[in-house]
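Q: This structure is in structure tokens; I'll ask about it shortly.
The values are calculated or read from the model by the stated rules, or taken from the named source; none is laboratory data. Please read all numbers here as calculations on a predicted model, not as lab measurements. When the accessible area is computed, the model is the full protein with side chains, heavy atoms only, and any ligands, DNA or RNA have been set aside. Shrake-Rupley method; radii C 1.70, N 1.55, O 1.52, S 1.80 Å.
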Amino acid sequence: MKLQINSEALESALATLKGPESKLGTVLIIDDEQANLDGLRRFLEREYKVFATTDPDVALNHIRNDSIDLVLSDQRMPKRLGTELLADIMKINPDNIRMILPGYTD
């Protein structure tokens with residue numbers, strides 16, 4: 001299974017996290033496919049602090065308790081759609097960047 005993402009959009013979002021001193025940002029990834037989480041985590045953790053979870057409720061706890069700059073969420077998940085999750089995240093913290101990664105593998 002391969003996760004296909006718009007690399008330009010992702011790179012653009014990640015570039016906004018780096019300040020003038022090239023400080024690293026914090027990324028939260030939510031996906032029900034562990035393989036997708038593992039791949040994105042390995043790619044991003046070279047330069048960013050990464051939180052990753054398959055559970056939307058755990059993601060909301062990270063939003064409440066950690067400073068998250070960028071949220072990357074799958075759209076189709078068993079417990080909640082990504083768009084619903086991002087709407088809930090926006091209510092808690094409207095200041096982070098939120099993106100849906102529709103990684104359809106079928």
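Q: Tell me, what ³J(HN,Hα) does each residue in region 61-70 have, in order and in whole Hz, if you take phi through Karplus 6.51 cos²θ - 1.76 cosθ + 1.60 with θ = phi - 60° and put x for Gly and Pro?
A: Ordered by residue, 3J(HN,Hα) equals 5, 4, 4, 6, 10, 10, 7, 10, 8, 9 Hz.
Q: So, with a 1.4 angstrom probe, what is the percent of accessible area on region 28-70 that is carbon and sulfur?
A: Details: 840 of 2170 Å².
About 39 percent, which is the carbon plus sulfur part of the accessible surface.
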